[in-house]
Amino acid sequence: MIVHLLRNWRPNRLRPQGFRLAHERPRLIAKQNGICPVPSPPCPKSPLVNDGKVTHIDHVETVNAFLDKVLQGELTFDEAYLQLWDDSNLRAVHHGCNYDRNVGRSRVAAP
Ligand SMILES: [Zn+2]
């Protein structure tokens with residue numbers, strides 16, 4: 001339940017400027033010079049493009065990591081939320097790279 005809240009809480013509730021993926025994505029891509037930071041493989045290492053279907057916003061420190069801190073009493077929910085969505089914890093990655101990391105398995109390379 002807390003995981004759901006961390007992920008889906010109205011993003012602009014706590015961020016003063018609001019957080020819009022469509023706006024943040026190109027900014028993060030530019031900041032990274034179009035490079036996906038996931039180690040290769042499974043990353044195809046193609047340049048990141050500004051399309052929500054193929055480029056996702058990834059949390060460097062994961063939602064689950066912050067959930068643990070909330071459950072351990074190290075952070076309040078609001079503190080965890082702010083750090084989760086802080087610029088320093090966000091990066092643009094390929095859709096596939098993000099998926100692989102979250103499910104903890106690597107993809108079989110396409111022939
Ligand atoms: Zn990648």
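The values are calculated or read from the model by the stated rules, or taken from the named source; none is laboratory data. Source: prediction; values computed, not measured. Glycine gets a Cβ as well: all are built from the backbone with ideal geometry, and neighbour counts include every protein chain shown.
Worth pointing out:
- For region 62-78, the set of residues classified as of a type outside the set (Lys, Arg) and farther than 22 Å from residue 97 by Cβ consists of 68, 70, 71, 72, 73, 74, 75, 76, 77, 78, listed by residue number.
- Residues of region 74-100 classified as of a type in the set (S, T, N, Q) and surrounded by 13 or more Cβ atoms within 10 Å (Cβ to Cβ), total: 3
- Residue 20, sole failed condition from (1) within 13 Å of the ligand (Cβ to nearest atom); (2) at pLDDT below 90: (1)
- Given (1) at pLDDT 90 or above; (2) among the basic types (Lys, Arg); (3) in contact with a strand residue (DSSP E or B) (Cβ under 9 Å, 6 or more places away or on another chain), number of the condition residue 101 does not satisfy: (1)
- Any hit, region 62-73, residues being surrounded by 12 or more Cβ atoms within 10 Å (Cβ to Cβ) and within 16 Å of the ligand (Cβ to nearest atom): no
- Test result for residue 53, part of a loop (DSSP other than H, G, I, E, B), modelled with pLDDT under 95 and closer than 21 Å to residue 7 by Cα: yes
- Test: residue 36 is within 16 Å of the ligand (Cβ to nearest atom), in a loop (DSSP other than H, G, I, E, B), surrounded by 14 or more Cβ atoms within 10 Å (Cβ to Cβ) and in contact (Cβ under 8 Å) with a residue 60 or more places away in the chain: yes
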